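Heads up, the thing below is written out as structure tokens.
Values in this text are rule-based calculations from the coordinates and carry no lab data. Only a predicted model underlies this, so the values are computations on that prediction, with no experimental measurement involved. A quick note on method: Cβ atoms are made from the backbone with ideal geometry, for glycine too, and the neighbour counts reach across all protein chains shown.
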Amino acid sequence: MQEKEIDPKSTEAHAEPHPAEFDDVVHVPKGQSKLRFFILLSLTILILLIFTVGSEIMQSVETRGKDADDFVTWNDPSTGPVRIAWREFQPEMIALEDFYRVQGVRARTLTDADATAAMLLNDRLAQDAGIEVSNEELGKAILEGDPRVMPRGFFSAEIYKASCQQAGVAPATFENVLRRMLRIARYHQMVMTIAAVATPEDLEKAWKERHQEYAFDYVELPTASLDAEVEAALPDDAALDAWYVSLPNRMQLFSALEVPAKFSAEIVGFPISGELKAEGLLAKFPRAADRDVEAEAKVYYESVRDRRFRRATPLEGEGLDELTRLYQPYEEVAELAKREAPIYNALRDWLVDVSKRLEGGATVDLQQEAADFGVSYSSDDVLRTNAEWSALGGVHGPFLTAALAGANPLNKLTASVECEAGGFAFGRIKVQQPPSLPPLVEVKDTVLAEWKKSKRSELAKAKLEAIRATFPVPAPEPSDDPKQPPKPRQPSADQATFQAAVQAAGLTVSRRDFAERTPSKFAPRPTKTAADEYFETAFTVYTLAENEVTIPELDRTGTHAYLVRFDKKRDPETVKITPGEYESLKMFAEFQAFQRYMTSASSVETLSKRYGLTVRGSQKAPPPTP
């Protein structure tokens, strides 16, 4: 077979969708199965993995052989050997990075040679299979996104073009990569219909993994049975206060008593309504004279729509989509958006400028700069809670408050300009008072009740631990890895020894015969006891070896303590499968089969083995050693 050189660009018709084509969209049919949903979700992850591999294989161009005509090679099943020179390959790497930059995603791994080579090879396989993507489908993906390759769309042609312009990327470059990725996603979706076939062995394995049955001997000790001992140990006020203030988790334990955090702040902003003018600000941070005012306004509208253009009362009526129901459309607020967008963007530029100066060690007088630029400024030493800050109105509100509270360390500016109902603002915290708890004298009854609960738990676990301490501990289990220490074992007792020790302590052994950890929804338990609830939510007991006895544990409510001996584990009887569960199991097994396909079929290593993919400088698909 004759060797063929390929120009990656020849695999695409660089057709830029015209905005008019965006209306001719293909609507996805309703009623998709759950399996299809999971497959699409996993396919999205697959595509992302293909195009974003680890940075450990990023090496300099010099080490990759930039002058070689066979920088990337593979054996195409239809056309034979493929060779791509560095001069042809490098633009494809850049295009892949540009594709993500238009979406606001930046990462060095997006220029990885392995990821780009995998994209080109997978795209060639898709085209060999006769898969293509129409301009209408491409336009629909640009506007609405596609769950397999691009979660979010651009909503309109204007916003799409503005995003490309802002990133400095030609629309044709973005569309070229998107078309490739859509083709690849469709190819894998086609192949998965064959790959995701569950065999009887898959079904049996999945059933057994889901329905392992366990048998235990256990002691159940109600903590309320120890109330007399708890009352006899009640502390005086000094001891109770010492316990209260020394609790490591006291803020979480007594969260209902918490006194909220407070802070003072320095804030600059621009009220949307009022007499302030933005000439000074815009003079310092001017907008480009040749900018697309309409596109700038639409990008601004999309950025602040949820905060700035939400309807006071949602529209009612049938057939309304969520955006129409909740928000004012752009056409109604276009002039307002055109006036506000330059101010909002100038404030953002100012924030970036101030942040850079502060990071460089400069001293910044925000009050003076605010006066020079004609924007509002406020600063006082009043400590306010989040709720109090949000209630101030104007440029203050919940979003600015949250941004201030999240700006650490102190005196660090908020990460962004926040849009509130009354305007735009950013700022920084001056003084912060952390959350606290009231003194014991104000909450003694609540603290005492918690002390009693803690004491009951302590006594119950101690009583059960005294039983467990009578059992011998087997020698540690050797580790398969010589670098790892031996695995320690838990105390062990056979059934008779466990029974005798428990009875000697004046308690009773209960038996939990072979049962699943969690009953099937197709065959639920008629009633559920406290022990059922414990064994369904416990974790440690299912990690024990035969005859091992676990550390005493409380249930989630703290009302019962348990000491458990692991008896045995067994596979379930497959005759117990109900028709409903069989269908669920089949779907799950098919999904697992598809996952196995996804994990291996498109990895660089698999492509190297299956199609002889080589990439100079790669650790996953290296060229053969001469």
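Brief remarks on what is shown
- Using the Cβ of S379 as centre and a radius below 12 Å, the other residues enclosed give a net charge of -2, where K and R count +1 and D and E count -1.
- Taking a ≥ b ≥ c as the square roots of the eigenvalues of the alpha-carbon gyration tensor, the range 428-510 is classed oblate because a/c is 1.5 or more while a/b is no larger than b/c.
- Here R210 and K528 are evaluated by their C-beta separation; at R0 = 35 Å the FRET efficiency comes out at 0.95.
- Prolate/oblate/rounded label for the range 209-251 (Cα gyration tensor, a/c 1.5): oblate
- Residue separation of E573 and E331 scaled by 0.36 nm, minus their Cα-Cα distance, works out to 80.6 nm of gained length.
- Length gained when the stretch D227-R610 is fully extended (0.36 nm per residue, less Cα-Cα span): 130.9 nm
- Extension gain for D69 to R311 (0.36 nm times residue separation, less C-alpha to C-alpha distance): 81.1 nm.
- Separation of the range 428-504 and the range 288-353, taken as the distance between their Cα centroids, equals 55 angstrom.
- Q433/Q252 FRET efficiency (R0 22 Å; Cβ-Cβ; nearest 0.05): 0.70
- Listed residue (P329, A405, A387) projecting farthest to the positive dipole end of the range 299-414, Cβ model: A405
- Computed over the range 151-297, the quotient of the alpha carbon radius of gyration and 2.2 N^0.38 Å is 2.27.
- The modelled label-to-label distance between T324 and L507, using points 7 Å beyond Cα along the C-beta direction, is 6.6 nm.
- Overall form of the range 440-577 per C-alpha gyration tensor (a/c, 1.5; a/b vs b/c): oblate
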